[in-house]
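Structure record follows, encoded as structure tokens.
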Ligand SMILES: NC(=O)c1ccc[n+]([C@@H]2O[C@H](COP(=O)([O-])OP(=O)(O)OC[C@H]3O[C@@H](n4cnc5c(N)ncnc54)[C@H](O)[C@@H]3O)[C@@H](O)[C@H]2O)c1
């Protein structure tokens, strides 16, 4: 199959590109290399796969460039992953966020509508489209908040409520992607992601919290390092999904497009792979041997107390469920973080 991956030098994109190239698929990657670590992922992909694939350095906001590329390639599938990915940055520069996430997605959809209408479009949306979820009823234990009314997690039927410019721009894109199926018959699929993690992720304070806390955990080997900060009391919960499982879902969607075109799926690690920050710190302490020292700051604007995806729909439609447990995934993530630290010491 032929694939175009926008944002293909990012965390998800480089993992997907590697997986596809390893099984002989044709891959073209578009990326503007704006993200920390993306140039390194490009070098890595080249080291793994030589010149068997094509890299196009371009901006998703450049609609003519995107249109020309889609017209020229007419790929069988597009994984549209290029994006402005941090809520904090979206608050500092909402126009950039809108142009990259909302307009950039429209550029992809329009290119497909005009020049390649059979192309499958997979879109990486987010659970932030559900807003802060303040209206839900929460329980509280020693280590986490809970949702007693949703023992299996939150389904796709939850009310939409874009919160923060990032939430709004991703929500706009998410709805356009689905609507291009309804109005124009383009085979599109929207995945609303919780927190994803894995190798090739270059975590920052603003994005990629699992990787960020792995970095902090490793730094604790130096007892002189001051405590790191967290937002809130550490009882906020997310379900974490390892890149390997995520990629399997994307590939299953393409092979089963007759079943899932026009659909939206919450895609996360599910209840079994849910974690509060406090629980994450306990696992990292066990794995590294260093207790994590931290200080609490105010909550972030619009932060959800709990988001855990209900995986019933994606399981029923695609036969997909996660296979990498949070313990195994975190072990692999610590290995990756150590590798990054060893090669790029300034990142610590
Ligand atoms: N990682 C997560 O936990 C998570 C959660 C929810 C949703 N998502 C979504 O999944 C997608 C992929 O996430 P990721 O973690 O791989 O992010 P990432 O930042 O690692 O990758 C995004 C890539 O897009 C590129 N990019 C940014 N702006 C661009 C532009 N204007 N033109 C072209 N390329 C551009 C970056 O250089 C980067 O390589 C994003 O759309 C993100 O919003 C990710």
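Each reported figure results from applying straightforward, stated rules to the coordinates on display, with no laboratory input. Just so you know, these numbers come straight off a predicted model, no measurement behind them. Ideal geometry is used to build each Cβ from the backbone, glycine not excepted, and the neighbour counts take in all protein chains shown.
Relative to the first principal axis of the alpha-carbon coordinates of the chain, what is the inclination of helix 63-73, with its axis defined by its Cα atoms, in degrees from 0 to 90 and to the nearest 10?
Helix 63-73 and the main axis of the chain meet at about 70 degrees.
Using only the alpha-carbon atoms, how far is helix 104-115 inclined from the longest principal axis of the chain? Give it as 0 to 90 degrees, nearest 10.
Once rounded, the angle reads 20 degrees.
For segment 215-241 and segment 158-186, what is the separation of their Cα centres, given in Å?
Segment 215-241 and segment 158-186 have Cα centres separated by 32 Å.
Who wins for biggest fluctuation among 280, 16, 73 in a Gaussian network model of the chain, springs between alpha carbons below 10 Å?
Greatest mean-square fluctuation among the candidates belongs to 73.
Taking the beta-carbon count within 10 Å as an exposure proxy, list 18, 301 from fewest neighbours to most.
The order, fewest Cβ neighbours first, is 301, 18.
Assuming R0 = 30 Å, can you tell me the calculated FRET efficiency for the pair residue 296 and residue 328, based on Cβ-Cβ distance, to the nearest 0.05?
0.55
Calculate how many DSSP beta bridges within the chain are antiparallel, expressed in % of all such bridges and rounded to the nearest 5.
Taking every DSSP beta bridge with both residues in the chain, the antiparallel ones total about 10 percent.
What percent does the relative contact order of segment 86-241 come to when contacts are Cα pairs within less than 8 Å and at least six residues apart?
30 percent
What is the projected area of the convex hull of the Cα atoms of the chain, averaged over all directions, in nm²?
If you wrap the Cα atoms of the chain in a convex hull and average its projections, you get 16.4 nm².
With springs only between Cα atoms under 10 Å apart, run a GNM on the chain and tell me which of 289, 329, 198 wobbles the most.
Among 289, 329, 198, the largest GNM mean-square fluctuation belongs to 289.
Two decimals, Cα atoms only, Kirkwood Rh: what is Rg/Rh over segment 120-179?
1.06
If each DSSP helix of 4+ residues adds -39,500 (n - 2.57) and the sum is divided by the residues in the chain, what number results at 222 nm, nearest 500 deg cm²/dmol?
Calculated at 222 nm, the ellipticity per residue is -12500 deg cm²/dmol.
Could you work out how far helix 164-184 tilts from the main Cα principal axis of the chain, as a 0 to 90 degree angle to the nearest 10?
Taking Cα atoms only, the helix is inclined about 30 degrees.
Name the residue, out of 244, 216, 36, whose mean-square fluctuation peaks in a Gaussian network model built on the chain with Cα pairs under 10 Å.
36
Roughly speaking, what is the centre-to-centre gap between segment 14-90 and segment 295-311 when only Cα atoms are used, to the nearest Å?
Taking the Cα centre of segment 295-311 as reference, the centre of segment 14-90 is 30 Å away.
Can you tell me the Rg and Dmax of segment 265-336, counting just the alpha carbons, in angstroms?
For segment 265-336, the Cα-based Rg and Dmax read 14.9, 43 Å.
Counting only C-alpha contacts under 8 Å and six or more residues apart, can you give the relative contact order of the chain as a whole percent?
18 percent
Take the Cα coordinates of segment 1-85, assign each an equal point scatterer, and use the Debye formula without solvent to give log10 I(q)/I(0) at q = 0.17, 0.23, 0.26 Å⁻¹.
-0.60, -1.11, -1.39
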